Amino acid sequence: MATSITPDKARVMIEEVAKKKDFSKEFKQLTKASPDVEKVLIEVLHATTKRWEERWFCAITLGKRKTETARKALLKAAQDQLFIVRQAAVQGLSYFDDLDTIKSIRHALGDTAMVVRSEAVDAITKRNDKDAISLLEKELYAKHNYQKGRSVWIRPQIVHAFGKLGDPEALSILMRSLKDKDEQVVEQSCKSLQTLAMKNQWEYPVHTKDCAAAWDRWYENRNK
């Protein structure tokens, strides 16, 4: 049942919530509020003159509302000029599973802002979008995920996604990332290989200090 929050009250709540660290109460109230309140959420989300905190909050709230109007508003916000709004829009879109939404999330993998790309990786994992594996592989080695030739934090996150998605197609990708120059990528590759093996009910190497060598032997024996 919708709460009795009026649109005017919603505006005040949105302004105040942007100043708080804990807005769980307001979040729940506005998620369940009337369609008139949803119009306010959309209005604030698209208002470039509003504080980014307000717009961010509205995007997250609209995602949880899961309505068609909210979905359309978030698809538009995913193209916003402000990267933090795009990031929140992708997070909001992760609650939907229609084709347009999935396309928008995949498109965000190539965003200029790493926080948006990172959110897209999480959204793909959340939606269990196994068809995006080839895109994730491309993103793992994309130039914008290196700074001055050094790997950045999103790369282990992508490797983690391969394990969570659990698709056997990721096996060869993880065997390649197992030889990466980034130690964090290698470490996560070992963990994701174990996750992948468990999801597919494969036997896998017991934990050793040199996990990369253990998985190499496992892979070699598997391909015999």
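Here are the numbers for this structure:
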{"read-out": "Reachable lysines from LYS148, criterion Cα separation under 22 angstrom, eight or more residues apart if same chain", "value": "LYS138, LYS179, LYS181"}
{"read-out": "Cα centroid separation, segment 128-163 to segment 21-72 (Å)", "value": "30 Å"}
{"read-out": "HN-Hα J in Hz across segment 112-117 - Karplus 6.51, -1.76, 1.60, θ = phi - 60°, x for Gly and Pro", "value": "6, 9, 5, 5, 6, 4"}
{"read-out": "For segment 129-224: rounded, prolate or oblate by the Cα gyration tensor [a/c cutoff 1.5]", "value": "oblate"}
{"read-out": "Highest-MSF residue in the chain out of VAL186, VAL116, VAL206 [GNM, Cα springs under 10 Å]", "value": "VAL206"}
{"read-out": "Rounded to 10°, Cα long-axis angle of helix 35-46 versus longest principal axis of the chain", "value": "70 degrees"}
{"read-out": "Residues of type aspartates and glutamates that LYS39 reaches as a straight line, Cα spacing below 14 Å, ignoring anything fewer than 8 places off in the same chain", "value": "ASP8, GLU68"}
{"read-out": "Model label zone, ASP131; criterion: amide N under 18 Å from point 7 Å along Cα-to-beta-carbon; scope segment 157-181", "value": "165-170"}
{"read-out": "Taking segment 4-129 and dividing mean pair separation by its residue count, relative contact order in percent (alpha carbons under 8 Å, at least six apart)", "value": "18 percent"}
{"read-out": "Sparse-neighbour loop sites [trypsin sites (Lys or Arg not before Pro); segment 1-88; at most 14 other C-beta within 10 Å; DSSP]", "value": "LYS19, LYS20, LYS21, LYS32, ARG51, LYS66"}
{"read-out": "Angle in degrees between helix 211-222 and the longest Cα principal axis of the chain, rounded to the nearest 10", "value": "70 degrees"}
{"read-out": "Contact order normalised by residue count of segment 129-224, Cα under 8 Å, 6+ apart, percent", "value": "23 percent"}
{"read-out": "Extension reserve of the LYS181-LYS64 stretch, reckoned as 0.36 nm per residue once the Cα distance is removed", "value": "38.2 nm"}
{"read-out": "Average Cα contact separation per residue, the chain, under 8 Å, 6 or more apart, as relative contact order %", "value": "11 percent"}
{"read-out": "Qualifying chymotrypsin sites (Phe, Trp or Tyr not before Pro) for segment 123-155 [loop in DSSP, other Cβ within 10 Å: at most 12]", "value": "TRP153"}
{"read-out": "Under 17 Å from the Cα of LYS19 - aspartates and glutamates, other chains or at least 8 residues apart", "value": "GLU53, GLU54"}
{"read-out": "Farthest positive-ward along the chain dipole, Cα basis, beta-carbon charges - from GLY63, LEU30, SER189", "value": "LEU30"}
{"read-out": "Fluctuation leader among CYS190, CYS58, CYS211 - the chain, Gaussian network, Cα springs under 10 angstrom", "value": "CYS211"}
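Laboratory data are not the source of any read-out in this text; all were calculated from the coordinates shown. These figures come from a predicted structure and were not determined experimentally. Here the Cβ is made from the backbone with ideal geometry for all residues, glycine too, and neighbour counts use every protein chain on show.
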